[in-house]
Amino acid sequence: MTKVAIITGGAQGIGEAAARRLAKDGFKVAILDFNLDLAKEVADSIDGFAVKVDVSDRESFFQAVEKVVEKYGHLDVLINNAGVAPSGPLMAMRQNDLDKAYAVNAGGVLWGMQAAAEQFIKQGNGGKIINAASQAGVVGNIGIGLYGSTKFAVRGLTQTAARELAEHKITVNAYAPGSALTPMIKKSAEEISQQSGQTPDEVLDMFAKGVTLGRLAQPEDIANVISFLASEDANYITGQTIIVDGGTVFH
Ligand SMILES: NC(=O)c1ccc[n+]([C@@H]2O[C@H](COP(=O)([O-])OP(=O)(O)OC[C@H]3O[C@@H](n4cnc5c(N)ncnc54)[C@H](O)[C@@H]3O)[C@@H](O)[C@H]2O)c1
């Protein structure tokens, strides 16, 4: 039976690259995104399925998963990839920054895990959940502390869910990208450049300086690891966060 994967935030960036990679790997791919127009474009190009979702809204997430199961009949993999990246020093963060970052990055992962696990348990054959953490969720990074803290939360949710869902043959893992060249990182570079007086390209060069392999990630570098975690080769891995940062943090 053809395997079915859901990717949230698959309309662009890492999620888009993962959607294309999993389609190549033979999955039927459903793209769940806030941006339905872009999601449809990607979905059409890989014979996939696009559904509008706000991952921070539990009801919206459950309804979207239901639509995918209605269309494809079952579900094998959920990739909780959608995220937002507020930047700025901790002292500049305000209530709405906190609420949004946690609702999307941590809340979205929690609701997604619940919706997918409910379906996996109904099916009775287990399943795989893969969450987007970040290198900034492994060590604290200056200037993206609030964002990083939501990604520490993702690693915590991943570990506990791995333990709680193992009895249902569900594995739960995370990937922790360093800086990957996506619309998100370009937006962050622009925001930082406005404060620092550098050009956005200079900011990106600065990000690359701390990378052992000497370059920022392409979205495909991250999609390679997502593909592995979604494959049978990862069957004996659970509760882990795989760092994909070209050698930036060593843990
Ligand atoms: N790009 C990086 O350098 C980097 C580094 C570490 C971690 N990450 C993480 O990887 C993931 C993907 O990052 P990216 O750079 O591709 O991001 P991106 O901003 O380029 O794309 C994110 C996608 O998520 C969607 N989205 C945002 N909020 C949503 C919501 N509430 N409901 C549904 N969809 C929503 C957007 O519409 C967009 O299509 C994120 O979780 C991000 O935090 C990225």
- line: When the range 14-38 is checked residue by residue, the ones that are within 7 Å of the ligand (Cβ to nearest atom) and open to solvent by less than 50 Å² (accessible area, probe 1.4 Å) are Ile14, Gly15, Leu32, Asp33
Residue ID - nearest to Gln218 (Cα to Cα), chosen from residues in the range 159-185 that are more than 13 Å from the ligand (Cβ to nearest atom) and either small (Gly, Ala, Ser) or open to solvent by less than 10 Å² (accessible area, probe 1.4 Å) (or both): Asn173
- prompt: Residues of the range 64-76 being outside any loop (DSSP other than H, G, I, E, B) and not hydroxyl-bearing (Ser, Thr, Tyr), which ones?
  reply: Ala64, Val65, Glu66, Lys67, Val68, Val69, Glu70, Lys71
- line: Within the range 114-138, residues out of contact with any Ser or Thr (no Cβ under 9 Å at 6 or more places or on another chain) and open to solvent by 10 Å² or more (accessible area, probe 1.4 Å) come out as Gln114, Glu118, Gln119, Ile121, Lys122, Gln123, Gly124, Asn125
- request: Please state which one of Phe152, Phe120, Phe61 is closer than 24 Å to Val225 by Cβ, more than 15 Å from the chain's Cα centre (by Cα), of a type in the set (Phe, Trp, Tyr) and not in a strand (DSSP E or B).
  value: Phe120
query: Can you spot a residue in the range 42-61 that is within 11 Å of the ligand (Cβ to nearest atom), farther than 21 Å from Ala115 by Cα and touching a residue at least 12 places away in the same chain (Cβ under 8 Å)?
result: yes
Number of positions in the range 139-158 that are touching a Ser or Thr at 6+ places or on another chain (Cβ under 7 Å) and modelled with pLDDT under 95: 2
message: Looking at the range 3-27, I want the residues that are closer than 14 Å to Ala230 by Cβ and of a type in the set (A, V, I, L, M, F, W, C) and have a partner that is near the ligand (Cβ under 7 Å from one of its atoms) and open to solvent by 40 Å² or more (accessible area, probe 1.4 Å) with Cβ atoms under 9 Å, at least 6 apart or on another chain. Which pairs are those?
response: Ile14/Met184
message: Between Glu191, Glu232, which is of a type outside the set (Phe, Trp, Tyr) and either within 12 Å of the ligand (Cβ to nearest atom) or free of Cβ contacts under 8 Å to residues at least 24 places away in the same chain (or both)?
response: Glu232
Subset of the range 77-86 [open to solvent by 10 Å² or more (accessible area, probe 1.4 Å) and either in a helix (DSSP H, G or I) or among the β-branched types (Val, Ile, Thr) (or both)]: Val84
field: Test set (1) open to solvent by less than 20 Å² (accessible area, probe 1.4 Å); (2) in a loop (DSSP other than H, G, I, E, B); (3) out of contact with any Leu (no Cβ under 7 Å at 6 or more places or on another chain) - Ala11 fails condition number
entry: (3)
message: So for the range 87-109 (the condition being part of a loop (DSSP other than H, G, I, E, B) and within 13 Å of the ligand (Cβ to nearest atom)), does at least one residue qualify?
response: yes
- prompt: Among the listed residues Glu164, Glu202, which satisfies the condition of being under 19 Å from Gln114 (Cα atoms) and free of Cβ contacts under 8 Å to residues at least 12 places away in the same chain?
  reply: Glu164
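The values are calculated or read from the model by the stated rules, or taken from the named source; none is laboratory data. Nothing here was measured: the structure is a model prediction, and the numbers come from that model. Cβ: placed from backbone, ideal geometry, glycine included. Neighbour counts: every protein chain shown. For accessibility, only protein heavy atoms count, side chains too; no ligands or nucleic acids. Shrake-Rupley method; radii C 1.70, N 1.55, O 1.52, S 1.80 Å.
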